[in-house]
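Structure first, commentary second.
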Amino acid sequence: MGGMGMLAAARPAGATGEKRTGFYVLETFYLQQGAQVERMRDYFSKLALPAMQKVRHNGPVIFLESLIAPHMPQMVALYGFQSLDEMWGVHTRIHQDAELMKNFEQWDSGEPAFDQQSSTILQAADYSPEIVTPADPPKTSRIFELRVYHSPTWRQLKALHERFAGPEIQIFHRVGVHPILYSSTMFGPNMPNLTYLIPFESLAAREKAWDAFGADPEWIKVRKESVDKYGQVSAVIQISLFKSAPFSPIR
């Protein structure tokens, strides 16, 4: 990654001094059909989540399983941290815990649990909401839509963030789209980009909300003004749909 990646297009969450979740690690595991799915469920529920709890990580944690994605099946873990120092501290405490590492080595001693893994560090935008872990998670899993908007230039990514932070969020909320995370990739693929995550109660609710958004007169006006001023600020859009895993703290 080049040095430009450190110059975030939007200020990080917590830039004004408040303690917020400013960074997220997005881990994606690309699987084969069959036993790998159950093996990764065991890894997340019996190893990764208990490890986070043991080292007293209090940030948001979400585990997702793919419904529609470029690679099927795949599973995703999203871990939130207030700072990069906190992220590295959690990593270090886990790897220094002999019991946790022994459990991981025993799990890893069998057949490969995934084909490959990718890790991305996301920097939350200053307008991104705080993800709150509910004390009593809902019984049923929601749909989570992960959208990655690649911009041709860092200047256009900044314009994209400004559009989201301004009128687009108000239009989103009016039509039933309520993202829980807006971010830029600091380390990872498809840079520069805006990555955001949206929960929906069902696929039907998702379809209804996006149909309303696409037909909204204010959105049509805002989009035209943005294209006229900055050009096409999102050159490639990648969309994946997931459901939250039953053991995910945020469902």
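No lab work stands behind these numbers, since they all come straight from the coordinates. What you see is a predicted model, and the numbers here were worked out from it, not measured in a lab. Glycine also receives a Cβ, built like all others from the backbone with ideal geometry; neighbour counts cover every protein chain displayed.
Which residue pairs have Cβ atoms closer than 8 Å, lie 6 or more positions apart in sequence or on different chains, and pair a first residue in region 91-108 that is touching a residue at least 24 places away in the same chain (Cβ under 8 Å) with a second residue that is surrounded by 15 or more Cβ atoms within 10 Å (Cβ to Cβ) and β-branched (V, I, T)?
Sorted first by the residue in region 91-108, then by its partner, the pairs are R93/V55; I94/V55; D97/V55; L100/I94.
How many residues, within region 207-242, are more than 22 Å from the chain's Cα centre (by Cα) and within 30 Å of T28 (Cα to Cα)?
Initially, region 207-242 is screened for residues more than 22 Å from the chain's Cα centre (by Cα), giving 208, 211-212, 214-232.
After this cut, where a residue has to be within 30 Å of T28 (Cα to Cα) as well, the list is 208, 211, 214, 232.
Looking only at that region, the number is 4.
For S151, are the conditions met, namely being of a type in the set (S, T, N, Q) and in contact with a Leu (Cβ under 8 Å, 6 or more places away or on another chain)?
yes
Cβ contacts < 7 Å: first residue at positive phi, restricted to region 174-197; second residue among the hydroxyl-bearing types (S, T, Y), any location; separation 6+ or different chain. Result?
Partner pairs satisfying both residue conditions: G188/T120.
So, in region 73-115, of the ones that are of a type in the set (D, E) and under 20 Å from L26 (Cβ atoms), which residue ends up surrounded by the fewest Cβ atoms within 10 Å (Cβ to Cβ)? Give the derivation first.
Residues of region 73-115 that are of a type in the set (D, E), as a first pass: 85-86, 97, 99, 105, 108, 111, 115.
Those still in the list that are under 20 Å from L26 (Cβ atoms) too: 85-86, 115.
Working: D85: 10, E86: 17, D115: 12.
The residue in question is D85.
Go through region 211-245 and give me each residue that's of a type in the set (G, A, S) and assigned to a helix (DSSP H, G or I). Working first, answer last.
Within region 211-245, the first condition is being of a type in the set (G, A, S), and the residues that meet it are 212, 214-215, 226, 231, 234-235, 240, 244-245.
Of everything in region 211-245, those that are of a type in the set (G, A, S) and assigned to a helix (DSSP H, G or I) turn out to be A212, G214, A215, S226.
Looking at W210, is it among the aromatic types (F, W, Y), out of contact with any Phe, Trp or Tyr (no Cβ under 8 Å at 6 or more places or on another chain) and without any contact (Cβ under 8 Å) to a residue 60 or more places away in the chain?
yes
Cβ-Cβ under 8 Å, sequence separation 6+ or interchain: first residue in region 143-157 and under 17 Å from H71 (Cβ atoms), partner in a loop (DSSP other than H, G, I, E, B). Which pairs?
V148/N190
Could you tell me how many of the residues in region 79-128 are more than 19 Å from the chain's Cα centre (by Cα) and closer than 19 Å to L64 by Cα?
3
Filter region 175-209 down to residues that are in contact with a helix residue (DSSP H, G or I) (Cβ under 9 Å, 6 or more places away or on another chain) and under 17 Å from R163 (Cβ atoms), then give me how many there are.
Of the residues in that region, 10 qualify.
I'm told M101 meets every condition in (1) within 29 Å of E201 (Cα to Cα); (2) touching a helix residue (DSSP H, G or I) at 6+ places or on another chain (Cβ under 8 Å) except one. Can you identify the failing condition by its number?
With (1) within 29 Å of E201 (Cα to Cα); (2) touching a helix residue (DSSP H, G or I) at 6+ places or on another chain (Cβ under 8 Å) applied to M101, the lone miss is (1).
Scan region 118-176 for residues that are surrounded by fewer than 15 Cβ atoms within 10 Å (Cβ to Cβ) and in a strand (DSSP E or B) and report the count.
Residues that pass the stated criteria total 2.
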